[in-house]
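Have a look at the structure below, then the notes.
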Amino acid sequence: MRSFDSLSEREVLALAISQEEEDARIYADLAENLKTDYPATADVFAKMRSQEDDHRRRLIETYQERFGEHIPLIRKQDVRGFLHRRPVWLAPMGIDRVRKLAESMEMETRQFYEAAMKRTSDAGIRKLLGDLAAEEREHTHIAEELEKVKLTTDVRKQEEEARRRLFVLQVVQPGLAGLMDGSVSTLAPLFAAAFATRIPLDAFRVGLAASIGAGISMGFAEALSDDGSLTGRGHPWIRGIVCGLMTTLGGIGHTLPYLIPDFYTATTIAIIVVAIELAAISYIRNHYMDTPFLSAAFQVVIGGVLVFLSGIIIGSA
């Protein structure tokens, strides 16, 4: 890896060309990724890509005039001092993170041109780099103006709805499925063990095993259900992790009270925790899935009570 101060004028220009090409490709990727759910913001990034393409063209013309046709491939990762960004194609990014990424890219490129001006004594190259630094300084304002034009109040409302819809699809739904399964399915083995043995620690072991086992099972089931390419439900392993963790959490909640040595105290607290869990599930369904709260509560409570009673009946038999 070379230090920036060791680069020649030729190498500085080659690096600038490479950076502009990379930034243009990133903006193109962002525009492509956002065009379905955030079309107005995608248009903003498409315009910014055009600006970067123009910068690259001017840099190449200057390079050809000074140094000929061959442009060595010098990339940012070959030079110390640049930020290393996570490639945008590796994982989907939220709209706010995308906009912050664009801001950091423009700031880094501007600082690069300001530093590059000090590395050259050629008047023509120095003028070009100075002009590009000034234009990069204005890019933030250009992006803001483009957003004002493209992202009207109605469009912003639509994009906010799209973001909420994606959050529900990719996080809330798998998390809710896991929480419901963990909270309800572990009731029967936990309370069956508790009423069969009347030993809280034995009930805790059964509940812990059921919670972890259900979390692993639900996590893999969710991750393998689909790859998200057609349904828009996001990366399968992220959904699987969310679902698995929430399943385990749903079971652990009413299992922990059985660390209390007294059976009746532990059972009373566990029942209270179950009621809180069912209320939380009802609230999430009401808030994110637009299910009327009373209807959601009735459905969840009926299922929970039936499983709870089956565990007590089996354990007491």
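In a residue-by-residue description of region 230-251, the property of being over 19 Å from Gly178 (Cβ atoms) and either modelled with pLDDT under 85 or not in a helix (DSSP H, G or I) (or both) applies to at least one position. Just give me the residues in region 51-75 being more than 32 Å from the chain's Cα centre (by Cα), surrounded by fewer than 16 Cβ atoms within 10 Å (Cβ to Cβ) and outside any helix (DSSP H, G or I), in sequence order. Once the filter is applied, which keeps residues that are more than 32 Å from the chain's Cα centre (by Cα), surrounded by fewer than 16 Cβ atoms within 10 Å (Cβ to Cβ) and outside any helix (DSSP H, G or I), region 51-75 yields Gly68, Glu69, His70, Pro72, Leu73. Here's a check for you: in region 268-310, which residue that is under 18 Å from Leu249 (Cα atoms) and not aliphatic (A, V, I, L, M) is surrounded by the fewest Cβ atoms within 10 Å (Cβ to Cβ)? The selected residue is Tyr283.
Yes/no matrix, rows are residues, columns are (1) under 30 Å from Phe167 (Cα atoms); (2) under 35 Å from the mean Cα position of the chain (by Cα):
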{"site": "Met1", "(1), (2)": "no, yes"}
{"site": "Arg10", "(1), (2)": "no, no"}
{"site": "Glu21", "(1), (2)": "no, yes"}
{"site": "Leu30", "(1), (2)": "yes, yes"}
{"site": "Leu34", "(1), (2)": "yes, yes"}
{"site": "Gln77", "(1), (2)": "no, yes"}
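Restricting to region 27-50, name every residue that is under 19 Å from Lys100 (Cβ atoms), among the charged types (D, E, K, R) and outside any helix (DSSP H, G or I). Of everything in region 27-50, just one residue is under 19 Å from Lys100 (Cβ atoms), among the charged types (D, E, K, R) and outside any helix (DSSP H, G or I), namely Asp37.
Residues checked against (1) in a helix (DSSP H, G or I); (2) modelled with pLDDT under 80; (3) at negative phi; (4) not aliphatic (A, V, I, L, M):
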| site | (1), (2), (3), (4) |
| --- | --- |
| Glu144 | yes, yes, yes, yes |
| Val171 | yes, yes, yes, no |
| Ala188 | yes, no, yes, no |
| Ala194 | yes, no, yes, no |
| Val206 | yes, no, yes, no |
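Within region 1-17, if we keep just the residues that are touching an Asp or Glu at 6+ places or on another chain (Cβ under 9 Å) and not aliphatic (A, V, I, L, M), the residue that is nearest to Ala116 (Cα to Cα) turns out to be Glu9. Of all residues in region 31-64, those satisfying the criterion of being touching a residue at least 40 places away in the same chain (Cβ under 8 Å) and among the charged types (D, E, K, R) are Asp37, Asp43, Lys47, Arg58.
The values are calculated or read from the model by the stated rules, or taken from the named source; none is laboratory data. Quantities reported herein were computed from a predicted structural model and do not represent experimental measurements. Glycine gets a Cβ as well: all are built from the backbone with ideal geometry, and neighbour counts include every protein chain shown.
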